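The values are calculated or read from the model by the stated rules, or taken from the named source; none is laboratory data. The shown structure was predicted, so the numbers you read here are calculated from the model rather than taken from an experiment. Positions of Cβ are generated from backbone atoms using ideal geometry, with glycine treated the same way; all protein chains shown enter the neighbour counts. Accessible surface is based on the protein model in full, side chains and every heavy atom, while ligands, DNA and RNA are left aside. Shrake-Rupley method; radii C 1.70, N 1.55, O 1.52, S 1.80 Å.
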Amino acid sequence: MVVISIRLGVAAVALAPIMLSAVIQNRNELIAQMRYLAARDPMTGVFSREAFLEQTRAHLDGQPSPVAAVSIELDLMGELRRKHGDEVSDTVLLVLSKRIAGCLRSNDMLGRMGPDAFTAFLTNCPEPYARDVAERIRASIAATPVECGDGSAVTVTASVGVVSASWSAEL
């Protein structure tokens, strides 16, 4: 009995660091997943308003470069919601957020700023390119009706605005 107890004790001491390492790794993975989910809009998967603002502030505190923001307001979404219901409205938001993201580069950011509003933050982006991106976004939203799953399709338009800034390190 004593020999078995000693062997079990030695085995437990030997396995403890391995077990602790596995627990810590799982904990770290869960924390990373929670941070990711906390920074995302649950419906569309793009940055939440708070995370978007935090990320853009962090970028603006970094190296100076030309930047632009494209504000996108989906037109008449309240009317669409009343006429077709929340499920169709949610489908439209999801599809259109993917279309908007498809117009952006990998280093640009997209955030959901309100129920029917998104903002794209364009890094290293001179004003003429920002205007081109804004027009691509507007056109991609209006170009193809969104299939709603119930056999219907809705066409949505958007109001899009651009603001850009450029500064040098001397400022």
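Determine how many Å³ per residue the convex hull of the Cα atoms of region 107-171 encloses.
109
Kindly identify region 1-92 as rounded, prolate or oblate by the Cα gyration tensor criterion: order the square roots of the eigenvalues as a ≥ b ≥ c, call it rounded if a/c is under 1.5, otherwise compare a/b with b/c, prolate if a/b is larger, else oblate.
On the way: a/c = 8.52, a/b = 2.20, b/c = 3.88.
Since a/c reaches 1.5 but b/c is at least a/b, the shape of region 1-92 is classed as oblate.
Taking 0.36 nm per residue of sequence separation and subtracting the Cα-Cα distance, how much length would be gained by fully extending the chain between Lys98 and Glu73, in nm to one decimal? Don't skip to the answer; put the middle values down first.
Values: separation 25, 0.36 × 25 = 9.00 nm, distance 1.48 nm.
Taking Lys98 through Glu73 to full extension adds about 7.5 nm, to one decimal.
Can you compute the modelled spin-label distance between Gln33 and Val13, with each label point 7 Å from Cα toward Cβ, in nm?
Inter-label distance under the simple model: 3.5 nm.
On the accessible surface of region 61-171, probed at 1.4 Å, how many percent belong to carbon and sulfur atoms? Let's see the in-between values first.
Working: 3000 of 5770 Å².
In region 61-171, the share of accessible area belonging to carbon and sulfur is 52 percent.
What value in Å³ per residue do you get for the convex hull of the alpha-carbon atoms in region 41-171? Don't skip to the end; give the middle numbers.
Numbers: hull volume 12.3 nm³, N = 131.
Roughly 94 Å³ of hull volume per residue.
Mark the label point 7 Å from the Cα of Ser166 along Cα→Cβ and return the residues of region 115-129 whose backbone N is within less than 18 Å of it.
Taking a point 7 Å out along Cα→Cβ of Ser166, the residues of region 115-129 whose backbone N falls under 18 Å are 122-129.
In deg cm²/dmol and to the nearest 500, what is the mean residue ellipticity at 222 nm of the chain if only DSSP H runs of at least 4 residues count, each as -39500 (n - 2.57), divided by the residue total?
On the way: 5 runs with 91 residues, N = 171.
For the chain, the value works out to -18000 deg cm²/dmol.
Binning at 10 angstrom from zero up to the longest distance, how are the C-alpha pair distances of region 69-127 distributed in percent?
For region 69-127, the pair-distance distribution reads 22, 49, 22, 7, 0.
Among Gly78, Leu93, Phe121, which residue has its Cα furthest toward the positive end of the charge dipole of region 73-152, with +1 on Lys/Arg Cβ and -1 on Asp/Glu Cβ?
Of the listed residues, the answer is Phe121.
Report the full-extension gain for the segment Ser5 to Ala153: residue separation times 0.36 nm, less the Cα-Cα distance, to one decimal in nm. Present the calculation step by step, with values, prior to reporting the outcome.
Values: separation 148, 0.36 × 148 = 53.28 nm, distance 7.09 nm.
My answer for the length gained is 46.2 nm.
Which of these, Asp41, Asp108, Asp150, has the largest mean-square fluctuation under a Gaussian network model of the chain (Cα springs below 10 Å)?
Asp150
Among Thr44, Met19, Cys103, which residue has its Cα furthest toward the positive end of the charge dipole of the chain, with +1 on Lys/Arg Cβ and -1 on Asp/Glu Cβ?
Working it through, the farthest residue towards the positive pole turns out to be Met19.
Filter the DSSP H helices in the chain by two things, a Kyte-Doolittle mean of at least -0.5 and an axial alpha-carbon span of 30 angstrom or more, and list the hits by number.
Values: long enough: 2-38 (52 Å, 1.16).
Answer set is 2-38.
If you roll a 1.4 Å probe over the heavy atoms of the protein chains, what accessible area per residue do you get for region 19-100, in Å²? Each step should come with its number before you reach the end.
Working: 5320 Å² over 82 residues.
Accessible surface, normalised per residue, equals 65 Å².
Explain nothing, just the number: dipole magnitude of the chain about its Cα centre with +1 on each Lys and Arg Cβ and -1 on each Asp and Glu Cβ, in debye rounded to the nearest 20. Each step should come with its number before you reach the end.
On the way: 16 positive and 19 negative charges, 116 e Å.
Result for the chain is approximately 560 debye, rounded to the nearest 20.
Principal axes first, then extents: for the Cα atoms of region 54-100, list largest minus smallest coordinate on each axis, whole Å, largest first.
So the extents along the principal axes, rounded to whole Å, are 47, 18, 15.
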